[in-house]
Amino acid sequence: MMRNILMTIEYDGSGFSGWQRQEGKRTVQAVLEEGLSKFCGTEVKIDGTSRTDRGVHALGQRASFFGDFAIPTDKLMFAVNNYLAGGMNVLNSVGDVRISNICEMPMDFHARYNAKGKHYRYIIKNSGEPDIFRRKYTYYVKDVLNVEDMRIGANAIIGTHDFKSFQASGGHERKTTVRTIFDLDISCHGEYLIIDVKGDGFLYNMVRIIVGTLVDVGRGRILPQDIENIIESRDRQRAGHTAPAEGLYLMEVYYEETQLG
């Protein structure tokens, strides 16, 4: 009997050319489809909620697929994770991509189209020396950042705006560049800054440009009170730099609007 399966997926993006399937390249989507097809006994094509770029990580990516297969969903998750870890039947073995949850959904459910919003996290190392062991997982900023100015700038980003100034070229054409940011929080954890962004949707590289702009505010290159003018200008050249992919994590995809508050 045909089933509609929703997966929650986590991955270390440093070994992938992004999420989306690409000819001749190792991507998260292609690796998962290979494992699922092997154990479902038929070709599986999955639909993900976010086409993360090369080097971007995830703890809460979501994807769904339709399949007519006999294996129970919990056993499918175990088998695929074991396969993705290299086939080592060893307790706690793990690869660089893993299904963390799997469940059956109504037939009219779609992981991307039913999503109400997403939570991204960005990690900045802002003191000391560069850490060679975390270079693929954080953005090292040598300059001491003015966090209070960054928070003032962040407050101007919260709300419903036309975010064309925070969209990079090269992405899929969107019908509108208006998006709603529900929350943008900057917290300090020792030598690390954590930037959490929740919104109903994001343009191509939008989170990384927001972070880069806030870093430029923290450096004093952009005044926090200029953020409103940058948004109103709808001019990408007015915003700050694009922060590197390595510090970005897709934390969660929301299917209830109440989760975004």
Only one of Gly60, Gly35, Gly24, Gly41 that is within 20 Å of Tyr249 (Cα to Cα) and among the small types (Gly, Ala, Ser):
Gly60
Write out, first by first residue and then by second, each pair whose Cβ atoms fall under 8 Å of each other, whose residues are 6+ apart or on separate chains, and whose first residue, in segment 135-155, is touching a residue at least 40 places away in the same chain (Cβ under 8 Å) while the second is of a type in the set (Phe, Trp, Tyr) and not in a loop (DSSP other than H, G, I, E, B).
Thr138/Tyr192; Tyr139/Tyr122
When you check Thr213 against the structure, is it hydroxyl-bearing (Ser, Thr, Tyr), on the phi < 0 side of the Ramachandran plot and touching a strand residue (DSSP E or B) at 6+ places or on another chain (Cβ under 7 Å), yes or no?
no
Collect the residues in segment 91-117 that are aliphatic (A, V, I, L, M) and touching a residue at least 60 places away in the same chain (Cβ under 8 Å), keeping them in residue-number order.
Val97, Ile99, Ile102, Met105, Met107, Ala111, Ala115
For segment 221-261, which residues satisfy the criterion of being loosely packed, with under 14 Cβ neighbours inside 10 Å and out of contact with any helix residue (DSSP H, G or I) (no Cβ under 8 Å at 6 or more places or on another chain)?
Arg221, Glu232, Gln237, Glu256, Glu257, Thr258, Gly261
Positions within segment 136-168 being farther than 15 Å from Thr213 by Cα and within 18 Å of the chain's Cα centre (by Cα), in sequence order:
Lys136, Tyr137, Thr138
Within segment 56-81, residues being without any contact (Cβ under 8 Å) to a residue 60 or more places away in the chain and part of a strand (DSSP E or B) number 1
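From the list Lys125, Lys142, which residue is buried (at least 16 other Cβ atoms within 10 Å of the Cβ), under 30 Å from Gln225 (Cα atoms) and out of contact with any Pro (no Cβ under 7 Å at 6 or more places or on another chain)?
That would be Lys125, the only listed residue that is buried (at least 16 other Cβ atoms within 10 Å of the Cβ), under 30 Å from Gln225 (Cα atoms) and out of contact with any Pro (no Cβ under 7 Å at 6 or more places or on another chain).
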Sort out which residues of segment 209-261 are more than 16 Å from Ser165 (Cα to Cα), assigned to a helix (DSSP H, G or I) and among the charged types (D, E, K, R), and write them in order of number.
Arg219, Glu246, Glu257
Those residues of segment 18-55 that are assigned to a helix (DSSP H, G or I) and among the polar types (S, T, N, Q) come to a total of 2
Test Ala168 against the criterion of being within 23 Å of Gln237 (Cα to Cα), in contact (Cβ under 8 Å) with a residue 60 or more places away in the chain, in contact with an Asp or Glu (Cβ under 9 Å, 6 or more places away or on another chain) and not β-branched (Val, Ile, Thr), and give yes or no.
no
With the requirement that a residue be assigned to a loop (DSSP other than H, G, I, E, B) and either touching a Ser or Thr at 6+ places or on another chain (Cβ under 9 Å) or not hydrophobic (A, V, I, L, M, F, W, C) (or both), what does segment 1-17 give you?
Asp12, Phe16, Ser17
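Does Asp183 fit the bill of being surrounded by fewer than 20 Cβ atoms within 10 Å (Cβ to Cβ) and touching a strand residue (DSSP E or B) at 6+ places or on another chain (Cβ under 9 Å)?
Here the answer is yes, as Asp183 does meet what is asked.
Laboratory data are not the source of any read-out in this text; all were calculated from the coordinates shown. Treat the numbers as computed from the prediction; the structure is a model and nothing was measured. Every residue, glycine among them, receives a Cβ derived from its backbone with ideal geometry; neighbour counts consider all protein chains shown.
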